[in-house]
Amino acid sequence: MDIDHYIRLVPSEHFNRPNFTEWLSVALRLGINCDELLDSFGRAFSIDNTVVRAVTTFLSEHMVSSGYESVGTAVGAQLDIIGEYVGVSRRLDFQPADGSSPVLDDRVFLTLIRARIVKNVWDGTMASIPALWATVFPDYILIIKDNQDMSIEMIVAGVETQLEQELIARGYTAPKPQGVRVNYSFPDSFVFGYDLNSSIIKGYDLGEWI
């Protein structure tokens with residue numbers, strides 16, 4: 001909002017009256033302050049754009065609206081509010097085995113929020129899980145095996161911390177079909193892959209079949 005634009009619209013009867021223009025400027029400034037405050041909410045209560053773009057693309061392909069927009073600046077109390085909105089708490093309902101606090105720091109909590117957003121918009125199909133998983137954990141490989149007995153195997157390679165393994169194993173991250181038992185495993189060696197050589201995937205002599 002440009003105050004000068006509105007001051008120029010004052011009719012000649014009052015234009016040269018400084019008290020009137022000053023009063024109008026103060027009134028307009030109040031509106032500008034409110035506008036700037038509302039605009040700051042979007043920056044304060046926001047999360048990573050990568051997840052939002054991926055989720056938005058997924059939803060657009062399925063003709064569903066997400067309602068999540070972000071620029072990646074939320075911290076602290078803002079993340080707590082976003083977590084409450086999407087349905088996840090910073091405080092875990094278990095004591096991590098590595099002795100760390102059950103109250104998550106911003107980095108891990110943001111990952112948990114991203115994962116919950118993905119779970120909230122999941123369409124319920126097995127085929128869509130890997131793509132959504134990659135929006136939250138692009139560096140971790142997820143392999144899913146359907147045992148055809150109402151159970152599935154989720155093999156997750158590349159997980160770096162014990163806390164992250166626990167969050168995955170306790171169902172905090174990956175979408176899961178209702179009524180299906182999930183068996184998680186975390187290989188501690190390289191995964192075999194053709195024509196690939198990364199920190200997780202290796203070829204013959206180094207990678208192991210899963």
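Only the coordinates and a few stated rules stand behind these numbers; no lab work does. Computed from a predicted structure; not experimentally measured. Here the Cβ is made from the backbone with ideal geometry for all residues, glycine too, and neighbour counts use every protein chain on show.
General observations
- Selection from region 128-170 of residues that are under 15 Å from TYR184 (Cβ atoms), touching a Phe, Trp or Tyr at 6+ places or on another chain (Cβ under 9 Å) and of a type in the set (Gly, Ala, Ser): ALA157, GLY158, ALA169
- Scanning region 123-174 for residues that are over 15 Å from THR111 (Cβ atoms) and assigned to a loop (DSSP other than H, G, I, E, B) yields ASP123, GLY124, THR125, ASN147, GLN148, ASP149, MET150.
- Selection of region 171-188 for residues being without any contact (Cβ under 8 Å) to a residue 12 or more places away in the chain and small (Gly, Ala, Ser) yields only GLY171.
- Single residue of region 151-171 satisfying the filter (under 20 Å from the mean Cα position of the chain (by Cα) and of a type in the set (Val, Ile, Thr)) that is nearest to ASP93 (Cα to Cα): ILE168
- Inspection of region 91-101 finds a residue satisfying the criterion of being within 18 Å of the chain's Cα centre (by Cα) and surrounded by 12 or more Cβ atoms within 10 Å (Cβ to Cβ).
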